[in-house]
Amino acid sequence: MSDERTGPEAPQSDHLLDHAYDGIQEYDNPLPRWWLALFWITIVFTPLYILYFHFGGGMLPNERYDQEMIAFYDRQAEELLAMGEIREATLAELMADPSMMNGGKKIFQGKCATCHGMFGEGGIGPNLTDEHWLHGPQLMDIYRTVRDGVTDKGMLAWERQLRPAELMAVSAYAGSLLGSQPPNTKPPQGERAPRAAPEAVAPAPAAEPEPPATEAAPAAS
Amino acid sequence: MSVQIDRFSYDDAIVRKFTLMTLVWGVVGMLVGVLVALQLAAPVFNFELPFLSFGRLRPLHTNAVIFAFTGNAIFAGVYYSMQRLLKTPMFSKVLSEVHFWGWQAIIVAAAVTLPLGITQSKEYAELQWPIDIAIAVVWVVFGVNAFGTIARRRERHIYVAIWFYIATIVTIALLHIFNNLVVPAGLWRSYPIYAGVQDAFMQWWYGHNAVGFLLTTPLLGIMYYFLPKAADRPVFSYRLSIIHFWSLVFIYIWAGPHHLHYTALPAWASTLGMLFSLMLWMPSWGGMLNGLLTLRGAWHKVASDPVLKFFVVAVTFYGMSTFEGPLLSIRSVNLLSHYTDWTIAHVHSGALGWVGFLSFGMIYWLLPRLFQTELWSRTLAEAHFWLGTIGILLYIVAIYAAGLTQGLMWLAFDDEGYLKYGDFVETTLRLIPMYWVRVIGGTAYLTGTLLLGLNFFMTWRRRPATYEVPVHEAPRLAAEYVERPEPASPLAASGAHVANLAYKLERFFRTTWHRRWERLPLTFTVAVVVAVVVASLFEIIPTFLIRSNVPTIATVTPYTPLELAGRDIYISEGCYNCHSQMVRPIRAETERYGEYSKPGEFVWDHPFQWGSRRIGPDLHRVGGKYPDLWHVRHMADPRAITAGSIMPAYPWLLTAPLDVDSIERVMRAHRALGVPYSDSDIAGGAAAARAQAAELAARVVEQGGPEGLADKQIVALTAYLQRLGTDITKPEPVAVEEEAGSVAAPQARSGEAGEAVAEAGGEGAEGAS
């Protein structure tokens, strides 16, 4: 914009109109062409957009979301089937898998720590490091509590927020805290019950986990 | 025919007053801005004091800079330019004074009530109904004064600046009135007549057009007067003025729904909002072009004149923001930008760049003329300019970066298709350094304004003992006037044989017809009103009348009395300033927060609480997510629960007594709005609230929390939070026949809410799950 008289809008006419307001005069310059062209383009674009998105093949946000969710649930159902039946031994095996434990720890610190403390020492929720249990000492008990929640006590049902593998990882991680002795533990709650070895537990996975696909898909409608 | 020559002089005393208050309130508003910026960088600056907490101060900041700083700047500019453009003093000195003092009283009332938590919770319309009425009255006073002045003009045609002033006056009146229709429940409490989706629609019709008609049109008017004056150049194009004025006024109104993309607002409205925003791009740039191209041949002056420097930067920022606005309105861009700091950066490039710098330029131009002496220091004005510019750049660069960071982090999925940053606070912690840069930028900008203050004061000290009041002369307008014939159409001159329609179109687009309108201000005003109202009704009528816009959900029932009380606390503390209650239908959000929000969930929400910004996470599905005790501890000390949280602590909620006695009044106001509370519901409101509070307090104790909370505000707020978003997962009510004698008035929105009603009332709705 250094030399204004060479640009495309340089005053071809620069014809001054014969009026003035408090000394302010006005030129009668035409509208810049690019300006007018862009204005027309935005105007013409409008009906085309409406036709495509509201009466044609374009997907509005809700439709796009439904499709995305269906694809996601399909994948999750496959993942769940591939994992097979979940039992005490499955979870105990996870406890030996460092990468699963790292993942479990991350989830625990992100989701569970606000109530159970960073190290499971308890807080709003019960202490997870002592031998006292409100809902049973076994890994499967923990898994079920995490999955289904204890809503009247404030424990969430995490099934809808965590994917199956995450549920298992975090349950196994929580189970691994038993016997660790973090500072500031909450006083024991519930019955004292030692945990039995996986082999000693009858393989009875009650309440077969439903594939979330069937449960959550309608909610997406 | 003898022409009578009138002698008259202009009232500059009123301009001096408005100019002074522009500066005073500018400093106040920006100071509060710096404080809230600090609070976001380090929550300790909330001081754990109710009246200094972010949720209450943020509205104070926005209201102060919009209505106090910009408002006074506009009035100063309008009062100065209008008299001169119309060759007449203002219509009434008394009205000018009433306008000035009334407006300042309103600002003081705002500055007192907002920190006290007295708010309607609608952004930029937070002030409660008594103040709203005062605003309406003062605005009408301004309107009468302005139109009276136009009526007494000695200039046949009205200049483009006046067009913009007219559009401002009538549109702001409409917006203000229709967005603030409320049913009061006491002097400092009220509930809007709209609920949920409709309330959100009205609010953003207002919010968007407040930007349009308070922060754009009057300032364009001011630009059209002061910029050519300062540059001493003719305006670039009269025709461009006409086209961009009318297209701006007509198109602006439609664009409001772009604030509500991906929400429960019907898709058609969101589509219109986006498309009209795109169409608004060129009309907005028309103003920018007429500003910048007017400087052709005067660019050498820009180098030496601080006034023009301010104007050039202001107009450039205007162009930038009005390009960015349409960009942000594109749905897929909005997906990334909405609820993030991007919006904050956008409005600040507009507010600090366009509004602020245009006002500063105007004030520097006015100072020597108002005080009839030289500006005290041009060097200081230059320093102000550079400090301000650096301040803006620091602010917006940091906050654009923050917005993008936040938006991308929220949407990020890992390789396996799960949220990469599942913890909201991770996305907050990343922003803190940028928030500190903002504090620095804001402080620089504020310091610049203080330099203006010093310059203002020193210039004022050099004023003459008495101001000279020049007397002007102008002929009075004759009753009769014959418009000059329109110039011949080139189409006709070319002798082409085309349909008559072509001639008409040609005449329309050449805008020569417009000259006639400019001497008929009444016709002109009516045309503006028609443009604005027609555009509004096109969107408002379907939003309110088409039932399918808000499909009824049978399990969504009115709030219990305690939840209502909690909702009032939520509103009063300004929670909506940081938390949305609107989960968008994208997987990144439903993964994080839960099922996306449905229009039918908000039918009892007077006012809606969707929010516009997520400084903290969305709360629409927070109900039942945590135990009651979590909320109690979290309110008392958020950082004890979430390390790194920047939420203010609200310890007073655990000690402040809950006002149970006003619950019945609140319920009665809601019933007047169509919420089906029965007489017995209302009579038993306080008792039901106490019962639910006792239950909740007992649960808190059971979970290991403190005792004695049953009569404290925290239980009501917790009850409300635990209720949020839970209704859609409740079991469908078993077809209870319409025995519900408690239906007070059938709802317009959900006429067949019979089933829903059966669940309503005292014990019926169990809040926390």
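Numerical summary
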{"quantity": "Cβ charges +1 (Lys, Arg) and -1 (Asp, Glu), total dipole of the range B:10-461, debye", "calculated": "1660 debye"}
{"quantity": "CD proxy at 222 nm, helix term only [per DSSP H run n ≥ 4: -39500 (n - 2.57); per residue of chain B; nearest 500]", "calculated": "-19000 deg cm²/dmol"}
{"quantity": "Residue with peak Gaussian network fluctuation, chain A [Cα springs, cutoff 10 Å], from A:Ala37, A:Ala172, A:Ala20", "calculated": "A:Ala20"}
{"quantity": "Neighbour-limited loop hits for chymotrypsin sites (Phe, Trp or Tyr not before Pro), the range B:1-75 (at most 16 other Cβ within 10 Å; DSSP other than H, G, I, E, B)", "calculated": "B:Phe47"}
{"quantity": "Kirkwood Rh, Cα atoms: Rg over Rh of the range B:561-759", "calculated": "0.96"}
{"quantity": "Charge-dipole axis of chain B as Lys and Arg at +1 and Asp and Glu at -1 on Cβ define it, positive-most pick from B:Ile390, B:Ile158, B:Pro487", "calculated": "B:Pro487"}
{"quantity": "Rg/Rg_globular for the range B:520-664, with Rg_globular taken as 2.2 N^0.38 Å and Rg from C-alpha atoms", "calculated": "1.38"}
{"quantity": "With Cα atoms, 0 to 90° folded angle of helix B:685-702 axis to chain B main axis", "calculated": "70 degrees"}
{"quantity": "Solution diffusion estimate, µm²/s, Stokes-Einstein, the range B:166-305, Kirkwood Rh from C-alpha pairs, 10 °C, viscosity 1.306 mPa s", "calculated": "94 µm²/s"}
{"quantity": "Spin-label pair B:Ser548/A:Glu93, simplified geometry with 7 Å Cα→Cβ offset, distance in nm", "calculated": "5.3 nm"}
{"quantity": "Value of D in µm² per second that Stokes-Einstein yields for chain B, Kirkwood Rh from Cα pairs, at 25 °C (0.890 mPa s)", "calculated": "88 µm²/s"}
{"quantity": "Distance (nanometres) between label positions extended 7 Å along Cα→Cβ at A:Glu85 and B:Leu505", "calculated": "7.7 nm"}
{"quantity": "Dipole magnitude (debye, nearest 20) for the protein assembly as shown, charges at Cβ of Lys, Arg, Asp, Glu", "calculated": "4500 debye"}
{"quantity": "Charge dipole of the protein assembly as shown about the Cα centre (unit charges at C-beta), most positive-ward option of A:Gly110, B:Ala686, B:Leu295", "calculated": "B:Leu295"}
{"quantity": "Virtual spin-label span in nm between B:Leu404 and B:Arg461, 7 Å along Cα→Cβ", "calculated": "4.7 nm"}
{"quantity": "For A:33-39, mean number of other protein chain Cβ atoms within 10 Å", "calculated": "4"}
{"quantity": "Rounded to 10°, Cα long-axis angle of helix B:54-63 versus longest principal axis of chain B", "calculated": "20 degrees"}
{"quantity": "Rg/Rg_ref, chain A, where Rg_ref = 2.2 N^0.38 Å and atoms are Cα", "calculated": "1.89"}
{"quantity": "Percent of alpha-carbon pairs separated by more than 22 Å within the range B:334-485", "calculated": "60 percent"}
{"quantity": "Rg ratio (alpha-carbon, reference 2.2 N^0.38 Å) - the range A:84-167", "calculated": "1.04"}
{"quantity": "C-alpha long axis of helix B:129-151 to longest principal axis of chain B, angle in °", "calculated": "10 degrees"}
{"quantity": "For the range B:120-192 versus the range B:1-55, the gap between their alpha-carbon centres in whole angstrom", "calculated": "18 Å"}
{"quantity": "Debye log10 I(q)/I(0) for the range A:16-55, one point scatterer per Cα, at q = 0.23 Å⁻¹", "calculated": "-0.77"}
{"quantity": "Radius of gyration and Dmax over the Cα atoms of the range A:25-76, both given in Å", "calculated": "20.7, 70"}
{"quantity": "Chain B: relative contact order in percent, alpha carbon pairs under 8 Å with at least 6 residues between", "calculated": "16 percent"}
{"quantity": "Cα-Cα over 25 Å, subset of A:Lys105/B:Lys420; A:Lys106/A:Lys186; A:Lys106/B:Lys712; B:Lys598/B:Lys625; A:Lys153/B:Lys730; B:Lys17/B:Lys122", "calculated": "A:Lys106/B:Lys712; B:Lys17/B:Lys122"}
{"quantity": "Reciprocal mean inverse distance between Cα atoms of the protein assembly as shown - Kirkwood radius, Å", "calculated": "31.0 Å"}
{"quantity": "Nearest-0.05 FRET efficiency for B:Ala42 and B:Asp414, computed from C-beta distance (R0 22 Å)", "calculated": "0.10"}
{"quantity": "Computed magnitude of the charge dipole of chain B (debye, nearest 20; Cβ of K, R +1, Cβ of D, E -1)", "calculated": "3900 debye"}
{"quantity": "Selected from A:Ser99, A:Leu128, A:Pro182, residue furthest toward positive end of dipole (the range A:48-189; charges at beta carbon)", "calculated": "A:Pro182"}
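Computed from the coordinates by the stated procedures, all read-outs in this text should not be read as laboratory data. Nothing here was measured: the structure is a model prediction, and the numbers come from that model. Cβ: placed from backbone, ideal geometry, glycine included. Neighbour counts: every protein chain shown.
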